[in-house]
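Structure record follows, encoded as structure tokens.
The values are calculated or read from the model by the stated rules, or taken from the named source; none is laboratory data. Everything quoted here is computed from the prediction, not taken from an experiment. Backbone-built Cβ (ideal geometry, glycine too); neighbour counts: all protein chains shown.
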Amino acid sequence: MADGAGFGTIHAGTDEGPEALWSRCRATLKERVGAGSFQSWISPLRLASLEDGVATLTVPTAFLGSYVARNFQDAILTVLAEAGTPASRLIFAPQGRVLSPAPAAAGASMGAPAPSAQPEPAEEAMRLDPRLTFDRFVVGKSNELAYAAARRIAEGNAVGFNPLFLHGGVGLGKTHLMQAIAHEMRARRPEARVLYLSAEQFMIRFVTALRDRKMMDFKQVFRAVDVLMVDDIQFIAGKDSTQEEFFHTFNALVDQGKQIVLTADRSPVEIAALEERVTSRLQSGLVVQVNPADYELRLGVLQSKLAAARATDPNLRIADGVLDFLAARVTSNLRVLEGALTRLCAQASLVGREVTLDLARDCLGDVLRASDRKVSIEEIQRKVAEHYHIRLADLIGPKRLRSFARPRQVAMYLSKTMTSRSLPDIGRRFGGRDHTTVMHGVRKIEELMGVDSQIADDLDLLRRALES
Ligand code: ADP
Ligand code: MG
């Protein structure tokens, strides 16, 4: 694309105006990005003009513009090209204002909360799972430090570390511990305002507040809590305005001596695309890693879950050796292990027989096969970075250079096809990207595989290296 000669110009002189063109594009975009993303991000956009290869879209907030630019630019450009009106560039302009590139952060302005705004009840955001309590948490070597720190906070004494930052792989009990703190605090100090939510919920609330011009209320709610717990914080990395707002909330609470608990799938320094000042604030408290469970802990968790299941179905019979077999074979994470046991229990009560080792083997064939092939996203990322001679940080990070983007898409493709992770899960492990970005990457590689023998060879090589 050199001089823009081939770019469509829709304005005077064509029979289709921007509205009609945009409504065609919208229909395609909805299919590509999915109904949820479409509703939140694409649907508020209007196409104002498309001239000399520049498409101008109006946006209700600058934040929305920068989010769309980061996550859906390619999709929009593709759809415009497919509609016969290619553009080389998108400009986001605030609705009803003079056209200018959208400023990045909209959440930076702060003020005193409006006196009339009532904070909503803290419970509103807490959908706590009643099973995730301390007494159902089995302690082992891999999680004892995290457990001790969580307990200290739940007991409500001044703990001397803020925030508590728990990190570790999926399914190792981070959410369990966080919710256990919330349960315990609720029981001990019902008057304390404890707010538990995922980083994703934090972002959704933030974006909604921006859209509805309710930032004062938003700030008021978050600054009025006694304990703030945000789960899976890696999600906000790369989401600049959300990160900014989170940083302000965080500082305001720490300054007031309020307790904060955070979790992430990796340590603060390993979260790419997290601003340095945020990273260093996160590290200023207590950073504790939750490690993969060893055999004893896995067995302990199974025994505890079985005891709980027996409480509802006393006839449940599981032969000796079955739990040991499971604990030995399902090593990936405790969630998978728990799922396996749940399935066995369901089977047992269905057929009304004892679960024997043979029955367990039959019933759990797929789980066992999946844990035989234990390729993790981290391994894939490492191997791919090595193969293309780029740094791991660049593979995961925000840079869009082709020399990083293509290996990144290869790694996403392998993560999707070689692990059982979901698209959002994969997105999170690639610097907190959206699942639509992952989907786009996977499709791109599928497309290239057929036409680009180099890519096909690379994939072959990588797959074999990972499987060995
Ligand atoms: P994470 O948030 O680290 O991905 P979760 O807290 O969701 O993991 O844990 C996954 C599942 O494993 C949950 O059902 C949880 O109750 C269970 N689990 C994890 N750790 C323990 C433990 N130490 N004792 C009992 N159950 C556990
Ligand atoms: Mg979790």
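Here are a few things to note about the model shown:
- Scan of the range 305-322 for residues that are under 17 Å from residue 136 (Cβ atoms) and either within 16 Å of ligand 2 (Cβ to nearest atom) or surrounded by 14 or more Cβ atoms within 10 Å (Cβ to Cβ) (or both), ordered by number: 305, 306, 309, 310
- Within the option set 331, 356, 312, being among the β-branched types (Val, Ile, Thr), more than 16 Å from ligand 1 (Cβ to nearest atom) and in contact with a helix residue (DSSP H, G or I) (Cβ under 8 Å, 6 or more places away or on another chain) holds for one residue only, 356.
- Evaluated against (1) within 13 Å of ligand 1 (Cβ to nearest atom); (2) at pLDDT 90 or above; (3) surrounded by 17 or more Cβ atoms within 10 Å (Cβ to Cβ); (4) among the hydrophobic types (A, V, I, L, M, F, W, C), residue 164 falls short on exactly one condition, (1).
- If you go through the range 38-95 and keep only what is over 17 Å from residue 19 (Cα atoms), β-branched (Val, Ile, Thr) and surrounded by fewer than 18 Cβ atoms within 10 Å (Cβ to Cβ), you end up with just 78.
- Residues being of a type in the set (Asp, Glu) and in contact (Cβ under 8 Å) with a residue 60 or more places away in the chain - total across the range 58-96: 1
- Residue within the range 260-270 that is of a type outside the set (Ser, Thr, Tyr), in a loop (DSSP other than H, G, I, E, B) and assigned by TED's automatic domain parsing to the domain that holds residue 148 present: yes
- Selection from the range 349-366 of residues that are in contact (Cβ under 8 Å) with a residue 12 or more places away in the chain and either in contact with an Asp or Glu (Cβ under 7 Å, 6 or more places away or on another chain) or not basic (Lys, Arg) (or both): 349, 352, 354, 355, 356, 357, 359, 360, 363, 364
- Within the range 235-265, the set of residues being crowded, with 23+ Cβ neighbours inside 10 Å and within 16 Å of ligand 1 (Cβ to nearest atom) comprises 235, 261, 262, 263, 264.
- Apart from one condition, residue 390 fits all of (1) part of a helix (DSSP H, G or I); (2) more than 22 Å from residue 331 (Cα to Cα); (3) of a type outside the set (Asp, Glu); the exception is (1).
- Taken over the range 208-222, the criterion of being in contact with a Pro (Cβ under 9 Å, 6 or more places away or on another chain) and among the basic types (Lys, Arg) is satisfied by 211, 219.
- Taking helices (runs of 4 or more DSSP H) as the structural unit, those lying wholly within the range 161-237 and holding at least 1 residues that are of a type in the set (Val, Ile, Thr) and within 11 Å of ligand 2 (Cβ to nearest atom) correspond to 174-188.
- Members of the range 330-359 that are over 28 Å from the mean Cα position of the chain (by Cα) and either within 24 Å of residue 296 (Cβ to Cβ) or part of a loop (DSSP other than H, G, I, E, B) (or both): 344, 345, 352, 353, 354, 355, 356, 357
- Of all residues in the range 422-457 being in contact with a His (Cβ under 7 Å, 6 or more places away or on another chain) and buried (at least 19 other Cβ atoms within 10 Å of the Cβ), the one that is modelled with the highest pLDDT: 427
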